[in-house]
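Asker: Once you've had a glance at the structure underneath, I'll fire off some questions.
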Amino acid sequence: MDPILPLTGERTVPGVPEENYWFRRHEAVYAALRDRCAGAVVLEAGCGEGYGAAILAQAAARVLAVDLDRAATGHAARRYPGVAVARGNLVALPVRDGACDAVVSLQVIEHLWDQERFLRECLRVLRPGGALMLSTPNRLTFSPGRETPLNPFHTRELSAAEVAQLVRDAGFARVEVLGLHHGPRLRALDTRHGGSIVDAQVAVALAGGGWPEALRRDVASVTAGDFALRPDDVDASLDLVAFARRP
């Protein structure tokens, strides 16, 4: 087994109990998109550790996972042999025009300086009618009331309306934005940990001390099924998931 990639704040990785909440939060969206990729040629833009590309490959005809980070692409190529992996700049994708049925990019656009150029590249590599699927933290709940993102690795966070407008401006049509929410079990854990299991984790990280055993146990118990992707109450969601088509 390839060693676990180090946590940097820019990506999440599987197999770390204290990171499990964030990993499962991302995994839930990959699982929701998997069937939408059935039989498709898929490009994942910003693959990170590679686990998401491997989930998509369970249904897709072929998956090309692209990332700029050399350590991430090397790791993904070794750990997930069923996925083709390439190192490349997301604003200059190493793929010919119209080569893909779908572009998937989860929790990536908020890290990019030129979001508009990235989306134009996604449009370029999609065939007519091809699907764009992307997710990003909801600015309204992730960095509430702030001019700049809380996460120092984020360049610009977006609301649902801002995501939709950005995608339309890049030339996409049939834009829809859903929201990822805590399901019943996670809402119960929120209550158990002072109103927010996310805030409880952030407080531990900022304090720099050890994890309370109850919090560690509850974080390690989270599954992808504890999250719900819904079309309602999007502005109150944790993460935004946008779907669009190339005309």
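Asker: Mind checking the stretch 90-139 for trypsin sites (Lys or Arg not before Pro) that DSSP puts in a loop (not H, G, I, E or B) and that have at most 11 other Cβ atoms within 10 Å?
Answerer: ARG96
Asker: If you plug each phi of the stretch 13-19 into the Karplus form 6.51 cos²θ - 1.76 cosθ + 1.60 with θ = phi - 60°, what whole-Hz ³J(HN,Hα) values come out, in order, with x for Gly and Pro?
Answerer: 9, x, x, 10, x, 6, 9
Asker: Can you give me the long-range amide H partners of LEU132? Hydrogens built in the peptide plane at 1.01 Å from N, cutoff under 5 Å, separation of 5 or more residues or another chain.
Answerer: For LEU132, whose amide H was placed from the backbone, the distant partners under 5 Å are VAL103, ALA244, ARG245, ARG246.
Asker: Then there's this: Per-residue HN-Hα couplings for the stretch 27-34, Karplus 6.51 cos²θ - 1.76 cosθ + 1.60 at θ = phi - 60°, whole Hz, x for Gly and Pro?
Answerer: 4, 4, 6, 4, 5, 5, 8, 3
Asker: Still on this structure: As a check on your grasp of the helix formula, calculate [θ] at 222 nm for the chain: sum -39500 (n - 2.57) over DSSP H runs of n ≥ 4, divide by the residue count, round to the nearest 500.
Answerer: -9500 deg cm²/dmol
Asker: Got a sec? Charge dipole of the chain, +1 on Cβ for Lys and Arg, -1 for Asp and Glu; which of GLY46, CYS100, VAL66 is way out at the positive end?
Answerer: The residue sitting farthest along the positive end of the dipole is CYS100.
Asker: I would also like to ask the following. What list of ³J(HN,Hα) couplings, whole Hz, do you get for the stretch 68-74 from phi and the Karplus terms 6.51, -1.76, 1.60, once you set θ to phi - 60° and write x for glycine and proline?
Answerer: 7, 6, 5, 5, 5, 5, x
Asker: Sequence-distant or interchain residues sharing an amide H contact under 5 Å with GLN107, placed H: which?
Answerer: HN-HN under 5 Å from GLN107: SER135, THR136.
Asker: Rounded if a/c is under 1.5, else prolate if a/b is larger than b/c, else oblate: which is the chain, with a ≥ b ≥ c the root eigenvalues of its Cα gyration tensor?
Answerer: prolate
Asker: Further, regarding this structure: Rank LEU90, ASN138, TRP113 by how far each Cα sits towards the positive end of the charge dipole of the chain (+1 on Lys, Arg Cβ; -1 on Asp, Glu Cβ) and give me just the farthest.
Answerer: Farthest towards the positive end: LEU90.
Asker: Could you pull out every residue, at least 5 positions away or on a different chain, whose amide H is within less than 5 Å of the one on PHE227? Hs are placed 1.01 Å off N in the peptide plane, and Pro or chain starts have none.
Answerer: When sequence neighbours closer than 5 places are left aside, the close amide H contacts are GLY183.
Asker: What is the distance, in nm, between label points placed 7 Å from the Cα along the Cα-to-Cβ direction at ALA86 and at ARG168?
Answerer: Result: 3.2 nm between the two label points.
Asker: Could you work out how far the C-alpha centroid of the stretch 170-247 sits from that of the stretch 81-104, in angstrom?
Answerer: Cα centroid of the stretch 170-247 versus Cα centroid of the stretch 81-104: 28 Å apart.
Asker: Then there is this: Can you compute the charge dipole magnitude of the chain about its Cα centre, using +1 on each Lys and Arg Cβ and -1 on each Asp and Glu Cβ, nothing else charged? Give it in debye, rounded to the nearest 20.
Answerer: 660 debye
Asker: Please compute the net charge surrounding VAL177, taking Lys and Arg as +1 and Asp and Glu as -1 over other residues with Cβ under 13 Å from its Cβ.
Answerer: Computed value for this residue: -2.
Every number in this text was worked out from the coordinates using simple rules, so none of it is lab data. All of these numbers come straight from a predicted model, not from anything done at the bench. Positions of Cβ are backbone-derived with ideal geometry, glycine not excepted, and every protein chain shown enters the neighbour counts.
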